Amino acid sequence: MNILVISGFLGAGKTSFIKAMAKACQRQFVVVENEFGEMNLDGPMLAKEDLENMSKEEALSKMEIWELTEGCICCSMNMDFSQSILTIANALDPDYLLVEPSGVAHPNRIFENLRNIQYNRIRLLKGITIMDGENYVEYRHTFPEHFNDQVESAGTLVLSKSEDLNEEDFLRIGADIGIPDDCTFPLRHYSKWEREDWFRLLEDYDPSFLEKFAEVLAEERAAEHNHHHHVETHAHGHSGADMDMEEMEHIGFTAIDCFNPADLIAKLHVLISGRFGHTIRAKGYFPCRDEYLYFDLVNKSYQIHRCPDMDDSRLVVIGRYLDREGLEKLFLGTAMSKEATEQVIAEMEQPRF
């Protein structure tokens, strides 16, 4: 079994990349999802779209989705994650296991955990980092340690939301990010890749790739020991340098009310305005009249599209200083009036977080 870790910050596009990979490769994939929080949206969406959009041949190698919501899988003490990997290897024995960590996980710790369970039937491939081509500058500014970890742990760094960029744009952004010498950086969006580009990722194995994570973690532990009076470690066991990461929280809802697309747009503008806290990521799906809608919001931009009919409705908001009561009224209440919508949009230049 080959394990491929596909990491990236909140909203970078990890799930979209996995769907594109499954369609291009038509291989047997098992996907381990580890959402930030207890409510998983991507797993059910992957399973539904897998069944409805794939051809008969592709359906033969349908993805199995495993959801892990018991905690952050990058925590060094999370034995459930390692045990789950071994269970998948023994029970399903897929050709490839794709691990999609939550957007706040530290990849170097995940690789270290996986390194400990490697043996002749389990092989860990060089990891993939999905970097948001539209929001990476803000991400780097707000969470510098996390940003650096994502870059340094990448065997291949894929620039998402880059469909309209040319090769010169890719080179400029790559130089700005600081791509490591041992990291592959494709100079076009993955929607333009050839089939062999995808298969290269499935064959990208180098035993020496894992050794650097042991060295990095040894340095981190030495630094924490030497400065433990000055640097605190939060509940996930990450270094305290990105203090804002500790303030990240999630709020999930079910049984969402959405009366029409215009009502959804108005409510997303409320999120962007900062009225109920600093929203970094929000996503959800729910019935709207006679169809299901899915939305995905990252910082101040969002996308809305139709999706397969789901078995329920779900919504997750991730950010800082979130107002649960206000968000509950917003998404579980009545439709917003035209006057309220116009007032929210007028106030958008004055965030309240």
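Descriptive notes on the structure:
- Residue check for ALA12: modelled with pLDDT of 85 or more, surrounded by 23 or more Cβ atoms within 10 Å (Cβ to Cβ) and assigned to a loop (DSSP other than H, G, I, E, B): yes
- Complete set of residues in the stretch 250-260 that are surrounded by 15 or more Cβ atoms within 10 Å (Cβ to Cβ) and at pLDDT 80 or above: HIS250, ILE251, GLY252, PHE253
- Top-ranked residue in the stretch 137-169 [being in contact with a His (Cβ under 9 Å, 6 or more places away or on another chain) and aromatic (Phe, Trp, Tyr); ranked as modelled with the lowest pLDDT]: TYR139
- LEU114 outside any strand (DSSP E or B), modelled with pLDDT of 80 or more and not acidic (Asp, Glu): yes
- Within the stretch 298-317, at least one residue is within 22 Å of VAL137 (Cβ to Cβ), out of contact with any helix residue (DSSP H, G or I) (no Cβ under 9 Å at 6 or more places or on another chain) and modelled with pLDDT of 85 or more.
The values are calculated or read from the model by the stated rules, or taken from the named source; none is laboratory data. If you're wondering where the values come from, they're calculated on a predicted model, not measured in any experiment. Methodologically, a virtual Cβ is constructed for each residue, glycine included, from the backbone with ideal geometry; neighbour enumeration extends over all protein chains shown.
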